[in-house]
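Asks: I'd like to ask some things about the structure below.
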Amino acid sequence: MAKLSMRSSVFKTLVTVLFLGAVVVFVAARTEPQGPGSAIESTQSQTEAQSQNQPQQPEASSHESPYSGMGTVPTKEDMGNLAFAAGFKGKDLPEGSGTAKLGADIFAGRCSMCHGPNAEGVHWDPMAFSPLHGPRLGGGNGVPIFNRPPGRITTLAYSAPSPMVIFDAIAVEMPMFKAGTLKPDQVYSLTAFILFKNGIIKEDDVMNRETLPNVQMPNRNTFPASDDVYMDMSKRGCYQNYGVCLGD
């Protein structure tokens, strides 16, 4: 009996020690500092609470370019002769002036090798050594039409709706291999020369930023008369070739 009583006492003591140990571990777990994960969750909760208390900012426009704020606005020096390019009404034409008489000498030295000495054009022939080729620029006598009759000569001057088309092409794309090297006075003079060679202006007429937009081109009525129409397809209406307009 004495041994049984001793074993019972030892068992009770062991159970008591285990119970007290479990209590200590439980209390320690409740009072220890939070781990990294808990700290992050707590910070996120605080951030969300603060954002809810702040007024809502308007959303960025869906049309805002992803490149907004990058780079700088190019100057005319950066753009070179591209800055000379003018719209349909010539509102961006540069300062300067020229006549067909002045343009004749420039044409002979800068343009005749591709477009002929009299602006009649140069056509490359098979097996010819020279690769130069340029369209006819002078001697036009009619606007483009369907089933063009024999003898009708349609040049750029008889196709373009505005004299600025000729001015822009010369300023930005000419001369060959040295595009963009012409000065405004030279571009005005060459434009005047081409217009004169097509019988549109007189040889002594001065072309500048005021007079050039007033030149009436033979094919002007085939095209819309507003810059806005060119930028908005829905406003064009006439979208068929050969002047057949079916509307919207």
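What follows draws every value from the coordinates through simple rules; no lab data is involved. Here the structure is a predicted model, which means the values were calculated and not measured. Don't worry about glycine lacking a Cβ; one is built from the backbone with ideal geometry, like all the others, and counts go over all protein chains shown.
Asks: Grab the beta carbon distance between Thr211 and Ser68, set R0 = 30 Å, and tell me the FRET efficiency rounded to 0.05.
Replies: Working: r = 40 Å, r/R0 = 1.34.
The value I calculate is 0.15.
Asks: A further question follows. State the extension gain, in nm to one decimal, for the chain segment bounded by Lys91 and Asn147, taking 0.36 nm per residue of separation less the distance between their alpha-carbons.
Replies: The Lys91-Asn147 span can extend by a further 16.6 nm.
Asks: Taking R0 as 22 Å, what FRET efficiency do you get between Glu173 and Thr75 from their Cβ-Cβ distance, rounded to the nearest 0.05? Numbers along the way, then the final one.
Replies: Numbers: r = 21 Å, r/R0 = 0.98.
My answer for the efficiency is 0.55.
Asks: Still on this structure, please answer the following. Taking the Cβ of Leu182 as the center, what net charge do the other residues with Cβ under 13 Å away carry, scoring Lys and Arg +1 and Asp and Glu -1?
Replies: Working: positive: Arg110, Lys178, Lys183; negative: Asp168, Glu173, Asp185.
Combined, the nearby Lys, Arg, Asp and Glu give 0.
Asks: Can you sort Thr181, Thr222 by how many other beta carbons sit within 10 Å, fewest first? Please list the in-between numbers first.
Replies: Values: Thr181 12, Thr222 16.
By the 10 Å Cβ count, ascending: Thr181, Thr222.
Asks: What's the lysine pair count for the range 77-243 at a Cα cut-off below 18 Å, pairs eight or more apart or interchain?
Replies: Numbers: Lys89/Lys235; Lys101/Lys183; Lys101/Lys197; Lys101/Lys202.
Taking the Cα cut-off of 18 Å, the pair count is 4.
Asks: Okay, moving on. Using 0.36 nm per residue, how much length does the chain from Glu203 to Lys183 gain when fully extended, once their Cα-Cα distance is taken away? Please list the in-between numbers first.
Replies: Values: separation 20, 0.36 × 20 = 7.20 nm, distance 2.03 nm.
That pair, Glu203 and Lys183, stretches by 5.2 nm at full extension.
Asks: Going 7 Å from the Cα of Lys101 along its beta-carbon direction, which residues of the range 181-208 have the amide nitrogen within less than 13 Å of the resulting point?
Replies: Within reach of a label on Lys101: 202-207.
Asks: Net charge near Pro218: determine it from the other residues with C-beta under 15 Å of the C-beta of Pro218, scoring Lys and Arg +1 and Asp and Glu -1.
Replies: Working: positive: Arg148, Arg152, Lys197, Arg220; negative: none.
Overall, the nearby charge balance is +4.
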